[in-house]
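Enquirer: Here's a structure for you.
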Amino acid sequence: MKKFVILLCALPLAASEMEKLGFMAGCWSGSNGRQQFEEMWMKPVAGSMLGAARTVVNGKTVFFETHVISADKEGKTVMNIRLRTNPTTTPFTLIQATGEEAVFSNPEHDYPQRVVYRKTADGLLGRIEGVEKGKEKAIDYPMKRIACQ
């Protein structure tokens, strides 16, 4: 019975955190060199957000992933990422949410260990960062809002 009470107490906190992620909702597009990337995020409703992303190079989709943000069993807000057709997801726990920035972390993951979304003056910045092969590495994905189609 104690576990049930603790879980109920944790859910409102996760819902409050979820509302702070609303700045990510919408359709976004950007490019860095020859890569074009797009992300789509549904607004937070009923304790979850759903998203998808793809990268296109020379007219071909070279990468895609899906995202589900929701509360886990402990009431923590977690983004589960599924790469391409991989049957498993990789969890990243929300460690910071301000309404203009969200930082998700998984220190056990090979790379990246952090996924960051930040509201900018002209759009949304997605960023992955962490250590790869012993060196700090970060990749930015600056995006502008586009019409959802």
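Please treat every number below as a calculation from the coordinates, not as lab data. What you see is a predicted model; the values in this text were computed from it and never measured. Cβ: placed from backbone, ideal geometry, glycine included. Neighbour counts: every protein chain shown.
Enquirer: Across the chain, how many lysine pairs, 8 or more positions apart or on different chains, have C-alpha atoms separated by under 23 Å? Please give the number.
Expert: For the chain, qualifying lysine pairs total 17.
Enquirer: What is the spin-label model distance, in nm, from Cys148 to Leu83 if the labels are put 7 Å beyond Cα along the C-beta direction?
Expert: 2.8 nm
Enquirer: So for region 2-146, taking the charge dipole from beta-carbon charges (+1 Lys/Arg, -1 Asp/Glu), which of Ala97, Thr85, Ser48 sits furthest toward the positive end?
Expert: Result: Thr85.
Enquirer: So, one more: For P(r) over Cα pairs in 10 Å bins from 0, in percent, which listed value, [x] 10, 36, 31, 13, 7, 3, 0; [y] 11, 39, 30, 6, 6, 6, 2, 0; [z] 11, 39, 36, 11, 3, 0, comes from the coordinates shown?
Expert: Computing P(r) over Cα pairs in 10 Å bins from 0, in percent and matching it to [x] 10, 36, 31, 13, 7, 3, 0; [y] 11, 39, 30, 6, 6, 6, 2, 0; [z] 11, 39, 36, 11, 3, 0 gives [z].
Enquirer: Sticking with this one: Output the relative contact order of region 2-146, whole-number percent, from Cα pairs under 8 angstrom with separation of 6+ residues. Don't jump to the answer; show the numbers that get you there.
Expert: Working: 325 pairs, mean separation 27.5, N = 145.
Rounded, it is 19 percent for region 2-146.
Enquirer: Determine the sum of side-chain charges near Met79: Lys and Arg each +1, Asp and Glu each -1, restricted to other residues whose C-beta is under 12 angstrom from that of Met79.
Expert: 0
Enquirer: Ordered by packing density, taken as the mean number of other Cβ atoms within 10 Å over each peptide's residues, highest first, how do 94-100, 55-61, 132-138 rank? Before the final figure, lay out each step's value.
Expert: Values: 94-100: 14.1, 55-61: 11.1, 132-138: 9.3.
Those peptides, ordered most packed to least, come out 94-100, 55-61, 132-138.
Enquirer: Ok, one more. How far is helix 2-19 tilted, in degrees, relative to the longest principal axis of the Cα atoms in the chain, given as a value from 0 to 90 rounded to the nearest 10?
Expert: With both axes taken from Cα atoms, the answer is about 40 degrees.
Enquirer: Place a point 7 Å from the Cα of Leu50 along the Cα-to-Cβ direction; which residues of region 105-149 have their backbone N under 16 Å from it?
Expert: Output list for this probe position: 149.
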